[in-house]
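Okay, structure first, notes after.
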Amino acid sequence: MKCDLQGTPRFTALLMSGDFVVGGAFSLHYTQDAVIYNYTKKPEPPRCTGRFNARGLRFARAMIFAIEEINNSSELLPGIKLGYQIYDSCISAPVSAHMAFQMTNGQDPVFYRGSNCSQSGAVMAVVGDDGSTPSISMARIIGSFNIPLVSHYATCACLSDKQQFPTFFRTIPSDQFQADALAKLVKHFGWTWIGTVYSDSDYGNYGMASFLEAVHREGICVEYSESFFRTDPSAKIRRVADVIRRSTAMVVVAFTASGDMSVLLEELAHDPPPRQWIGSEGWVTDPNFLKFSFCAGTIGVAIQKSVIPGLRDFLLDLSPAEVAASSVLTEFWEDSFNCSLKINDDPNKKVCDGTQDIKFLKSPYTETSQLRITNMVYKAVYAVAHAIHNAVCEETNGTTRCDKGVRLESKQVLTELRKVNISQNGYPVSFDVNGDPVAFYELVNWQKSESGVIELVTVGYYDAALPKGQEFHINRNITWVGGATWVPVSVCSESCSPGTHKVLQKGKPICCYNCTPCPEGEISNMTDSSDCFPCHKEFWPNSEKDVCFPKLVEYLSYDEVLAIILAAFSVFGACLAIITAAIFLRHRTTPVVKANNSELSFLLLFSLTLCFLCSLTFIGAPSEWSCMLRHTAFSIIFVLCISCVLGKTIVVLMAFKSTLPGSNAMKWFGPPQQRMSVVCLTIIQVLICTVWLLLSPPFPMKNLSTYKEKIILECALGSAVGFWAVLGYIGLLAVFCFVLAVLARKLPDNFNEAKLITFSMLIFCAVWITFIPAYVSSPGKFTVAVEIFAILASSFGLILCIFVPKCFIILFQPEKNSKKYLMNKN
């Protein structure tokens, strides 16, 4: 029985036989040949065409370099020769799928072993591919045969799913880490309004999905998100470029593969917009892009720069004979030097004359100063070699023995690969349960040198192994778009300063907002505050509304002009009452004083003095004692005062009645009765005040409701019933006194006090009637001022109307201060 290989075999790009063979998949060309099938003949395998990828050749040659190092090693796989089968995948899923079947079947067109077909030339493991999509295709196929795939460049987070890809490993970190790193990078520089472009492939789609999820957590908004692929029509590429040009976002995050980014940058070069580019590791370190000067200032994450001793010499060690023997190397040579190694092969090219020296060639192939992905290839080869070593070698008595005749299964290599934990050239090589390495990225920046050439400069790093919040570090100055040394601004709306808060614009993302001043009584003390918060009830915002200060405390203080004026009038009134009493005392034997009930007059002057002085208790900061004193003293003294006036009014009426024949009125209201009436009327008020003070006395309080921005210190009434009871009692006596005075105002007596009492009580009642609405409506300290004014006005009304005319007669009209004049009836 024999087994025939169905289909046309795919030719290797680079090949070497060995005891155990390692497969390799690298992109040596940028595109796949487009074939239109006519279904009339057997289709040929998909072929790679287009521009030659010198960087991909460097990756393939690095694999060969690593295998030759291992074959020459006396410690790793001693006595074992590793071979390789390296294919050109051109980052195409159909090509990668065809390669996978080829490496699974082996190279022989006819193969057999006994009664069962076997993969006599199958590889033990595969290193590659350059992209996520082709790696997914390969992993699904070779995974069915337990052949491990160790990728140096496939970063899609989807490949970490061991249910779907149980044999996939990689030496490059997953895009999940890269997406987090890029999101933290954007957040670090304060960019909240960005645009994104990404490859329409597994690498771009999965990577951008992870990135968008990460920036959403960071509160960053995306203005646009455009996908494209390098084979898309030029109209679509042009549309994506126009979206970037018209956008308001200054920062563009590109999560693209190198081949896709090349197409976009070529289109943007026709009319380059000033944008700050943020690049993924898929393209940001590609030396082919450094020619785009409008991208100077680009910053992105990259695989750690490394050193591989001897690699550069190996890459440059290409003899013309070696080049001519390999179709791949021949194409590279002709493409690099623009000449033909074969005569008459291409009339448009000159014939290579042997003067071409690769040592002076400026090409991505010879560029070894920024070895990043190349080191991932190097580490992948060593990881596979160590897995094979652990499967076929044993150490006895310090000597390593390897059996190259053992029938090694790829499943054994897979098992050992999971255990690999080595350090190669100082760089760790290990895999977690998902087949991923520990994530470590360098932060690279495209900076122009003094000669004007753009160079890759490492400015920081991102280490996922560090504690949260400490993964990201910048240790060197960054050059930004346009050569600026300051961080460009990319926001939809400018930051809201303290004192304002963000109000979202209708129909726009959360990063687009208006800055609205905080409402009255509220502040915001942070930049970009989403809301304002009220101050404590005893605090009030400053004019900028960013700090709460203690409210101004207001009361009628002795320092104020109004208080000084009122106090002056109080003292003046008290002095006037004392002077009047002194005058009356000095002329107490004169008819004017004797005829007007001198005892009640002196008591009235005494009560008026106290009335003037009690107004002083209303000035100053309220205290518990001053609140009780000011209201009770004022009410009792005023009752005493009105009781005296009422007594004098009754005396006038009784005196008139006593002049009538047969009247005996005065004996019923003599001096003892007058004193008793004053005492009884005053005691009633004392009792009302006592009940008020015992049940619910006045107390000091902070009035926070009248004014929002200040505190009024005032005396609360305690019991409003008590307050209005004492006022009502005063009003009742005043009205009664006023009525009696009106009745007695026309009595025929030159020294009749009824007219004067009528005027005084008229003023008194007018003042206190107007006091009530004024007291209720006056705000803050003016309430106290109104109360003092009412006390002073009514007191001055009494002293001016009752005593000033008598003092005028005593001092300036002594002729009228006689008994003769007193007895003269007009």
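I'd like to know if the range 405-421 contains one or more residues that are assigned to a strand (DSSP E or B) and at pLDDT 90 or above.
We begin by selecting, within the range 405-421, every residue assigned to a strand (DSSP E or B); these are 421.
Imposing the further condition that a residue be at pLDDT 90 or above reduces the set to 421.
Yes: the range 405-421 contains one or more residues that are assigned to a strand (DSSP E or B) and at pLDDT 90 or above.
Only one residue in 426, 405, 435 is assigned by TED's automatic domain parsing to the domain that holds residue 68 and on the phi > 0 side of the Ramachandran plot, so which one is that? None of the other options fit; the residue is 426. Residue pairs whose Cβ atoms lie under 6 Å apart, sitting 6 or more positions apart in sequence or on different chains, and linking a residue in the range 58-81 that is closer than 20 Å to residue 420 by Cβ to a partner that is basic (Lys, Arg) and not in a helix (DSSP H, G or I), are 71/81; 80/404. Just one residue in the set 231, 248, 155 is out of contact with any Gly (no Cβ under 6 Å at 6 or more places or on another chain), crowded, with 23+ Cβ neighbours inside 10 Å and polar (S, T, N, Q); that residue is 155.
Just wondering, is there one or more residues in the range 431-445 that are touching a Cys at 6+ places or on another chain (Cβ under 9 Å) and either modelled with pLDDT of 95 or more or more than 24 Å from residue 384 (Cα to Cα) (or both)?
Within the range 431-445 (the criterion being touching a Cys at 6+ places or on another chain (Cβ under 9 Å) and either modelled with pLDDT of 95 or more or more than 24 Å from residue 384 (Cα to Cα) (or both)), the answer is no, since none of the residues qualifies.
Residue pairs whose Cβ atoms lie under 9 Å apart, sitting 6 or more positions apart in sequence or on different chains, and linking a residue in the range 710-729 that is among the charged types (D, E, K, R) to a partner that is assigned to a strand (DSSP E or B), are 710/540; 710/552; 710/553; 710/554; 714/700; 714/701; 714/702; 714/703.
When the criteria are applied in full, residue 730 meets the requirement of being buried (at least 17 other Cβ atoms within 10 Å of the Cβ) and modelled with pLDDT under 85.
Considering only the range 527-621, give the helices (runs of 4 or more DSSP H) lying wholly within it that have at least 3 residues that are out of contact with any Leu (no Cβ under 7 Å at 6 or more places or on another chain) and surrounded by fewer than 18 Cβ atoms within 10 Å (Cβ to Cβ).
Working: elements: 561-586, 591-595, 598-614.
Because the criterion is at least 3 residues that are out of contact with any Leu (no Cβ under 7 Å at 6 or more places or on another chain) and surrounded by fewer than 18 Cβ atoms within 10 Å (Cβ to Cβ), the helices (runs of 4 or more DSSP H) in the range 527-621 that meet it are 561-586, 598-614.
Filtering the range 263-298 to residues that are among the small types (Gly, Ala, Ser), touching a helix residue (DSSP H, G or I) at 6+ places or on another chain (Cβ under 9 Å), in contact (Cβ under 8 Å) with a residue 60 or more places away in the chain and surrounded by fewer than 24 Cβ atoms within 10 Å (Cβ to Cβ) leaves 296, 297. For the range 422-445, the candidate set comprises residues that are part of a strand (DSSP E or B) and among the aromatic types (Phe, Trp, Tyr); within that set, the residue that is nearest to residue 104 (Cα to Cα) is 427.
When residue 345 is tested against (1) surrounded by 22 or more Cβ atoms within 10 Å (Cβ to Cβ); (2) at pLDDT below 85, only condition (1) is not met.
Can you find, within the range 33-92, the residue that is nearest to residue 400 (Cα to Cα) among those that are of a type in the set (Gly, Ala, Ser) and assigned to a helix (DSSP H, G or I)? Step through it out loud before you land on a result.
In the first step, residues of the range 33-92 are kept if they are of a type in the set (Gly, Ala, Ser); the result is 34, 50, 54, 56, 60, 62, 66, 73-74, 79, 83, 89, 92.
Those left that are additionally assigned to a helix (DSSP H, G or I): 54, 56, 60, 62, 66.
Working: 54: 39, 56: 35, 60: 29, 62: 27, 66: 20 Å.
My answer is 66.
Here are some residues: 136, 172, 141, 147. Which one is closer than 29 Å to residue 466 by Cα and either modelled with pLDDT under 95 or in the same structural domain as residue 63 (by TED's automatic domain parsing) (or both)? Answer to the selection: 172. Figure legend. Inter-residue proximity from the range 512-528: first residues more than 22 Å from residue 191 (Cα to Cα), second residues outside any strand (DSSP E or B) and of a type in the set (S, T, N, Q), beta-carbon distance below 6 Å, spacing 6+ or different chains. Indicated pairs: 518/524. Per the conditions (1) at pLDDT below 85; (2) among the basic types (Lys, Arg); (3) assigned to a strand (DSSP E or B), the sole criterion not satisfied by residue 401 is (1).
One residue stands out in the range 253-262 among those that are crowded, with 24+ Cβ neighbours inside 10 Å and of a type outside the set (D, E, K, R): the one that is nearest to residue 184 (Cα to Cα), namely 253.
Within the range 371-398, if we keep just the residues that are within 45 Å of the chain's Cα centre (by Cα) and outside any helix (DSSP H, G or I), the residue that is surrounded by the fewest Cβ atoms within 10 Å (Cβ to Cβ) turns out to be 372. A Cβ distance below 9 Å, combined with a sequence gap of six or more or placement on separate chains, defines the contacts here; from the range 675-702, residues that are of a type in the set (Lys, Arg) reach residues that are in a helix (DSSP H, G or I) in the pairs 675/599; 675/600; 675/603; 675/647.
Can you find even one residue in the range 408-416 that is in the same structural domain as residue 154 (by TED's automatic domain parsing), surrounded by fewer than 24 Cβ atoms within 10 Å (Cβ to Cβ), without any contact (Cβ under 8 Å) to a residue 60 or more places away in the chain and aliphatic (A, V, I, L, M)? No: the range 408-416 contains no residue that is in the same structural domain as residue 154 (by TED's automatic domain parsing), surrounded by fewer than 24 Cβ atoms within 10 Å (Cβ to Cβ), without any contact (Cβ under 8 Å) to a residue 60 or more places away in the chain and aliphatic (A, V, I, L, M).
Among the residues making up the range 477-489, those that are modelled with pLDDT of 90 or more and either within 17 Å of residue 186 (Cβ to Cβ) or surrounded by fewer than 19 Cβ atoms within 10 Å (Cβ to Cβ) (or both) are 477, 478, 480, 481, 486, 487, 488, 489. Looking only at the range 279-309, which residues are assigned to a loop (DSSP other than H, G, I, E, B) and either farther than 22 Å from residue 172 by Cα or among the acidic types (Asp, Glu) (or both)? 281, 286, 292, 296, 297, listed by residue number.
The values are calculated or read from the model by the stated rules, or taken from the named source; none is laboratory data. Because the structure is predicted, anything quoted here is derived from the model rather than measured. Glycine gets a Cβ as well: all are built from the backbone with ideal geometry, and neighbour counts include every protein chain shown.
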